[in-house]
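Single-structure report; data block below.
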Amino acid sequence: MTADTLATLSDQLILAAILLYLAAMVGYALELAFATRPAQVRELVASDGSTITETQEAEPVAWAMRAGRIAVGLTWVGWAANVTATLTRGLAVERWPWGNMYEFVVAMILAAVTVYLFMQLRYPVRFLGAFVSVIAAVGLGFSVRVLYTQAGPVVPALDSYWVAIHVTAAIAASGLFTVGGVAAALYLFRGSRGEGQSRLPALADLERIAHRVIVIGFPIWTFAVISGALWADKAWGRYWNWDPKEVWAFITWVAYAAYLHARATAGWKGKAALIVSLVAFGCLLFNLVGVNIFFGGLHSYADVN
Amino acid sequence: MTLTDEEQKEVTKPVGLGVVGWLRWGWRTLTSMRTALILLFLFALASVPGSVFPQRNVDASLVARYYANDPVKAEWLDRFWLFDVFHSPWFAAIYLLLFLSLVGCVLPRTLAHLKEIRRKPPAAPRNLLRLPHHDEFTADLTIAEAAATLKKRRFRVETGPDWVAAEKGHLRETGNLVFHVALLVLLIAVGAGGLYGYKGNVLVVEGDGFANTVAAYDRYVPGASVSAESLEPFSFKLTDFQATYIGPGHEKVGQPLTFSATLSVKDAPGAAERVVDLRVNEPLDVNGTLTYLIGHGYAPVFKVTDGQGQVAYEGPVPCLTSNTSTYESECVIKVPDARPQQLAFLGRFLPSTLPVGEEWISVFPGAANPTVQVWPFAGDLGLDSGEPQSVYDLSAHKNLKPLGTMTVQPRPLAVGEALDLPGGAGKIEFTGVKEWISLQTTYDPGRMPALVASIAAVLGLVFSLTIRRRRVWVRMKDGRVTVGGLSRTEGSNFTDEFAEIVASLNPRSGVSDDR
């Protein structure tokens, strides 16, 4: 296949991924809305499908649960489209496919969906799917509508093996933080309603999910910042110069560090700490979108027309 | 990282009397988690203006533009160091307090941790079945066997007459402390680098050379403790510079693809010459002094003959790039040696010229069809007046008069063409095109310590976030084995591992532990 064909294929696969994520979202939403009469949560999780009692409520529950399972399947297919889109883009341009903001956001969405899909293999977190798939569809839509750049080579400063190290780490951490942000937002949204009053899991579970992904994401983000400094040392003759992107990467880092400290401080556990984590996630998003668009500086290679 | 919750409670209690009491209260408050948190928030918040306002250390010309646009506001911003946020006293105050708070926490915790590491695991509690994780089974197990099994699982083990106590996961706190100490070292390394390092910028035209001395730099910024003699004595000549760009037919036509400067370098006077291909991302390294390729532009070559027929100037003139996508550049040529009048020229260099109606524009950054439009002036350059002047600017010269009629778009000269000046004032010939590169040289002795500290910080962080502290006890009485487990890290899942440990202890479980 020629580079042009590959690039076109990549663009089409992104559109397919958006549609698949949207379809998955519908499935997840149906499951969230109808699968569980809130009071019956525990019973259903404990029973094994075969032992569903023949009560009146069992009927809608079964189809809604199936909607949830189908949604997971659709998410996997969307994920495969997303992976292939990134791969074909990389093959078309013969470099790592995260050299501009369009490619970065596509890869970041891919990372977030990957984190969710592998988490739901191990933990009962399918409910996150409804929100992750919305973010994935909106994020990809935004990158296609606003950030899109024709496949092509990058400027000499970006033509370095450090892309593979620094940007990959930033993408992985961003993906994890996105899932953490979803869990934290759900925690606040759910409020302190009792076990039976909400379709979402208990607060403690949401809190644990948020903490777990952030704890994995934080060292990766730290590594991303440090490898960025190493690259800056190679490319610009200084490892840290308070370029706007560096400032906001640092602010994001400090904010997540504050979350981890807040969680270990009496009186800050739970709600307050998670608000801090959401502020940190806001800083991450601002660094991604805001800094490239408002501030410029050495990292202004967003290539947004 | 700071005090534990119990210590925290003491902080909020009313304080003892007297100076010592107040000092202790102050220290405790400063080193409390709450204060550390507030300082972290302030640290993040204080960085924000550093990205909103232009910073002198990042781009001084943007600060100058801010002053030109709104002098009053700029004056006020400057009063609060908002153009030098990261060198401001208030920013320093925040990070110094934060690091003081850190020291106040790391020191006692390090001492406590050292004691803890040397301590034996605590003896088994009487009733293990009251622990959060517990199990019992009947088996023919000896104390030595149980201890060996736990040792294989890398527990520290202590034995009693009928019990085994085991503990692991001290690396969590070790990692935590390493991380925080590494941050302190990092700050010191950054500071030392600023004190003992220097950076300099210089522009070099193809064919010219550079020797690493203070005088050779266009801009030289030394740290407080750098002497001019300590500069690494290397030199080089720029023999060639090549840039490639994306060709027509792509959305991003004209975007640069590669920059490559060929230097012949002498590491020291008298040393053998070596040829270096200097590229972006691949600096020249001479014993830790690094030279980076950070910019490039055009330097058209001119030959100016004055009104008396003498060659008054011949050579390349570096021009400032006014449009980075077409490399249209602005040139200033000053010819103080011209007689009877001094001459000066403004030029617009167009690397790939295309006529559009009565105008000429550049359509591509590569020098495919280079031309230059020239506006001549004559008069007094005032170079003897002692007033500082820029080599890139003519506007300061009030005693220069345009030669002939000025037009907005004079017909450009191609290479080899000359412009005869009106009134027999001489002529200017455009003889060729060279390129210039801008280089930055940095020497920063703090680089390596900062790198080592950063690596230590990441490793420490990974250990402190992934390792869990847990204790296991085994008691034996009349063939009954009871096992108890306790996770000392909040929120961690010890259930699976505890079940595994119990299975590996029980010879009848069929689990062979081959670790």
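The values are calculated or read from the model by the stated rules, or taken from the named source; none is laboratory data. Here the structure is a predicted model, which means the values were calculated and not measured. Positions of Cβ are generated from backbone atoms using ideal geometry, with glycine treated the same way; all protein chains shown enter the neighbour counts. To get the accessible areas, we keep the full protein, side chains included, count just its heavy atoms, and leave off ligands, DNA and RNA. Shrake-Rupley method; radii C 1.70, N 1.55, O 1.52, S 1.80 Å.
Summary table
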{"read-out": "By average C-beta atoms within 10 angstrom, highest first, the peptides B:76-82, A:108-114", "value": "A:108-114, B:76-82"}
{"read-out": "Rounded FRET efficiency, nearest 0.05, which uses the C-beta distance separating B:THR466 from B:ASN127 and R0 of 25 Å", "value": "0.20"}
{"read-out": "Cα-projected label distance for B:VAL52 with B:ASP240, points at 7 Å along beta-carbon direction, nm", "value": "5.1"}
{"read-out": "Cβ-defined net charge surrounding B:PRO121, 10 Å radius [Lys, Arg +1; Asp, Glu -1]", "value": "+3"}
{"read-out": "Relative intensity, log₁₀ I(q)/I(0), of chain A from a Debye sum that treats every alpha carbon as a point, q = 0.07, 0.09, 0.15 Å⁻¹", "value": "-0.30, -0.49, -1.18"}
{"read-out": "Spin-label model distance (nm) - B:VAL253 vs B:LYS73, 7 Å beyond Cα toward Cβ", "value": "3.9"}
{"read-out": "Interface A:B - total buried accessible surface [probe 1.4 Å, Å², rounded to 100]", "value": "4400"}
{"read-out": "DSSP-assigned coil residues among chymotrypsin sites (Phe, Trp or Tyr not before Pro) in the range A:149-223, each with at most 14 further Cβ atoms within 10 Å", "value": "A:TYR161"}
{"read-out": "Convex hull volume of the protein assembly as shown per residue (C-alpha atoms, cubic angstrom)", "value": "248"}
{"read-out": "Where chain A is the region considered: accessible area per residue in Å², 1.4 Å probe", "value": "42"}
{"read-out": "Full-stretch length increase - B:GLU282, B:GLU500 - with 0.36 nm per residue and alpha-carbon distance subtracted", "value": "73.3 nm"}
{"read-out": "Linear extension gain, B:ILE455 paired with B:ALA92, 0.36 nm per residue minus alpha-carbon span", "value": "128.2 nm"}
{"read-out": "Under 28 Å from the Cα of B:LYS303 - lysines, other chains or at least 8 residues apart", "value": "B:LYS237, B:LYS334, B:LYS398, B:LYS401, B:LYS427, B:LYS434"}
{"read-out": "Residue-normalised accessible area of chain B, expressed per residue, 1.4 Å probe, Å²", "value": "51"}
{"read-out": "Calculated diffusion of the range B:198-443, Stokes-Einstein form, Kirkwood radius summed over Cα pairs, 20 °C and 1.002 mPa s, µm²/s", "value": "109"}
{"read-out": "Modelled FRET efficiency - R0 45 Å, A:ALA16 with B:VAL103, Cβ distances, 0.05 increments", "value": "0.25"}
{"read-out": "Pairwise label distance in nanometres, A:LEU87 with A:VAL138, each label 7 Å out on the Cα-Cβ vector", "value": "3.0"}
{"read-out": "Packing-based order for B:327-340, B:132-145, using average beta carbon neighbours within 10 Å, highest first", "value": "B:327-340, B:132-145"}
{"read-out": "C-alpha long axis of helix A:203-235 to longest principal axis of chain A, angle in °", "value": "10"}
{"read-out": "Heavy atoms of B:THR244 accessible to a 1.4 Å probe, total area in Å² rounded to 10", "value": "60"}
{"read-out": "Magnitude of the charge dipole, the range A:156-305, Cβ model with Lys/Arg +1 and Asp/Glu -1, debye to 20", "value": "560"}
{"read-out": "Exercise: per-residue mean of other protein chain Cβ atoms within 10 Å, A:229-242", "value": "6"}
{"read-out": "Positive minus negative residues near A:ALA92 (Lys, Arg vs Asp, Glu; Cβ under 12 Å)", "value": "-2"}
{"read-out": "Radius ratio Rg over Rh of chain B, counting only Cα atoms, Kirkwood formula for Rh", "value": "1.20"}
{"read-out": "Surface accessible to a 1.4 Å probe, B:PHE236 within the full protein complex, Å²", "value": "10"}
{"read-out": "Mean Cα-pair separation over length for chain A, i.e. relative contact order, pairs under 8 Å, 6 or more apart, %", "value": "19"}
{"read-out": "Extreme residue, positive dipole direction of chain B, given options B:PHE377, B:SER230, B:VAL502 (C-beta unit charges)", "value": "B:VAL502"}
{"read-out": "Residue mean of other protein chain beta carbons inside 10 Å, A:149-158", "value": "5"}
{"read-out": "Peptides ranked, highest mean first, by Cβ atoms within 10 Å: ranges B:263-269, A:17-23, A:153-159, A:117-123", "value": "A:17-23, A:153-159, B:263-269, A:117-123"}
{"read-out": "Per-residue SASA entry for B:GLU417, accessible area with 1.4 Å probe, Å² rounded to 10", "value": "70"}
{"read-out": "Those Cys residues of chain B for which no other cysteine Cβ falls under 4.7 Å", "value": "B:CYS105"}
{"read-out": "Rounded FRET efficiency, nearest 0.05, which uses the C-beta distance separating B:LEU111 from B:VAL275 and R0 of 45 Å", "value": "0.20"}
